[in-house]
Amino acid sequence: MERVKSVFVETFGCQMNVSDSDKIIALLKGIGYQPVEDSSRADLIILNTCSVRAKAEEKVYNHLATYKGLKKKNRSLILGVGGCVAQQEGEKLLEKVPHLDLVFGTHNLHLLPDMVNAAEQGKRSAEVHFLDRETRSALFPFSDTSGGPSRFVTIMQGCDNFCSYCIVPYVRGREISRSSSEIVREIRLMTAQGVKEVTLLGQNVNSYGLKEADEHDFPNLLHEISSIEGIERIRFTTSHPKDISLELMNCFANLPKLCSHIHLPAQAGSDLILTKMNRGYNRRQYLAMIDGLRRARPDIQITGDMIVGFPGEKEEDFLETLSLMEEVRYADLFSFIYSARPGTEAAGLPDDVKRKEKQERLSRLQELQRLHTLESNSRHVGSVQEVLVEGRSKKEGQVFGRTSGNRIVNFPGDESYRGKLVNVQITAAYQNSLLGEICSV
């Protein structure tokens, strides 16, 4: 009997990369590879990478250096790099990392099985060419329908916004929307496997369908998915504020299956910095969107992203970011120090904020957000929340799931609750989660 080969996939970065990693595993199963959780047991190691910030890119190189030792111990081990760092660096990665076997870009997942077969014969290769729209449309892969009750569904790829600091359009390509009929067909297949919640993925889901002839726009896509029997919850990420429409806000008022959460990155609170970032909106417009969303769905949980230390950011600009946070009161916030990305417009600006000052601003921002997050979580204590149970908690005897507002809840239970929607009374709030007990409301 032929020996089963094993693959270890390490994922860096956003939910799109998590989804791509699922597709990578599904493709590799087709040539005899089964996933393992321990890299030391793998015949093939794939790093699915992120280059949106310099620190994420540095992490990839550090991991590649670590795997050099495994490669010495196991000469037949195949090492590959995919994702945004692969797209950015291309064949140069093979030159920089002699123990690397293959490099595949964001448009080239479909070539991976052939590249792995070639690597098994000792051939090193790199495939990072962008595909034309027609070819890309035909290659939107279906997700592997195995897994938990909540699944990702890619509805679009690429980005046309060209925010001045962002490398995504250069490593993911121009924006393209997937056929709504294909999206609906994939979700129907998922429901047959017991999936109850889908998260629609794209670099900017709000602009879905706007550049495709005879296609739904995003609010209409949400309405169609909401009509699918068996789907109980719909999420989406990520939204660009400049493309938030009144129709999308109304979806939160009119579609009960649409979860009470939106990730809406502001990136800064200063109009001057927002203009330099080429974000396409100002502070007043952003706050009007927040107000509209909360009028449509009063319990909506809002999360976001902030960058500190962007070129030209003065103390008064940073204070405007803090004051925006005070007004919005984000449930959670991802925050980062600005780092120049190759090829972006902002990379040509003088990086005139001192490193020490950037770090100090980030610390102040994160301390404020810690207070806001705990405040937001504490408001749930005493309430009854509907929770979709995803599996066992880290703590023995508990399971965990998420509220409609995307808050993690741990409560006593066992695996029999997995995949079920249950009512949980919240008894305690912590920085990163809630504690509760099941109730029969």
| note | Under the rule rounded for a/c under 1.5, else prolate if a/b exceeds b/c, else oblate, using alpha carbon gyration tensor axes a ≥ b ≥ c, the stretch 1-134 is classed as rounded
| said: Only sites in a loop by DSSP and with at most 11 other Cβ atoms within 10 Å count here; which trypsin sites (Lys or Arg not before Pro) in the stretch 294-367 make the cut? | reply: LYS354
| message | Lone cysteines in the chain, defined as no other cysteine's Cβ under 4.7 Å from theirs: which are they? | response | CYS14, CYS50, CYS84, CYS159, CYS251, CYS259, CYS439
| task | Compute the separation of the alpha-carbon centres of the stretch 57-89 and the stretch 197-212 and state it in Å as a whole number. | result | 31
| Over all Cα pairs of the stretch 331-378, how is the pair count split among 10 Å bins, expressed in % and running from 0 up to the last occupied bin? | 23, 37, 26, 13, 1
| query | Which of ILE262, ILE290 comes first, and how do the rest follow, when ranked by fewest Cβ neighbours within 10 Å? | reply | ILE290, ILE262
| query | Can you list the residues, at least 5 places off or on another chain, whose amide H is less than 5 Å from the amide H of VAL103, using H built in the peptide plane? | reply | VAL81, SER125, ALA126, GLU127
| Mind listing the phi-derived Karplus ³J(HN,Hα) values for the stretch 91-100, rounded to whole Hz, using 6.51, -1.76 and 1.60 with θ = phi - 60°, and x for any glycine or proline? | 4, 4, 4, 5, 6, 6, 10, x, 8, 8
| note | Looking only at aspartates and glutamates whose Cα falls under 14 Å of LYS420's and that sit 8 or more positions away or on another chain, we get GLU197, GLU232, GLU386, GLU390
| note | Put in order of increasing Cβ neighbours within 10 Å, starting from the fewest, PHE130, PHE104, PHE334 give PHE334, PHE130, PHE104
| query | Nearest 0.05, what FRET efficiency do ARG174 and GLN398 give at R0 = 51 Å with Cβ-Cβ as r? | reply | 0.70
| message | Taking R0 as 41 Å, what FRET efficiency do you get between ALA65 and SER181 from their Cβ-Cβ distance, rounded to the nearest 0.05? | response | 0.35
| Between LEU210 and ASP299, what length comes free when the chain is fully extended (0.36 nm per residue of separation minus the Cα-Cα distance, one decimal in nm)? | 29.1 nm
| query | In deg cm²/dmol and to the nearest 500, what is the mean residue ellipticity at 222 nm of the chain if only DSSP H runs of at least 4 residues count, each as -39500 (n - 2.57), divided by the residue total? | reply | -11000 deg cm²/dmol
| Across the Cα atoms of the chain, what radius of gyration and what greatest pairwise Cα-Cα distance (Dmax) are found, in Å? | 22.3, 69
| task | Could you tell me which of the pairs LYS23/LYS257; LYS92/LYS123; LYS72/LYS356 are separated by over 28 angstrom between their Cα atoms in the structure shown? | result | LYS72/LYS356
| So how far, in whole Å, is the C-alpha centre of the stretch 95-113 from the one of the stretch 35-52? | 13
| field | Spatial separation of Cα centroids for the stretch 327-383 and the stretch 234-256, in angstrom | value | 24
| said: At a 10 Å Cβ-Cβ cut-off, how would you order VAL116, VAL184, fewest neighbours first? | reply: VAL184, VAL116
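Considering only DSSP beta bridges where both residues belong to the chain, give the percentage that are antiparallel (nearest 5). If you can, show how the numbers build up before the last one.
On the way: 21 of 63 bridges.
Around 35 percent antiparallel, to the nearest 5.
Bear in mind that the values in this text are calculations on the coordinates, not laboratory data. Source: prediction; values computed, not measured. Counting neighbours? That spans all protein chains shown, and the Cβs are built from the backbone with ideal geometry, glycine included.
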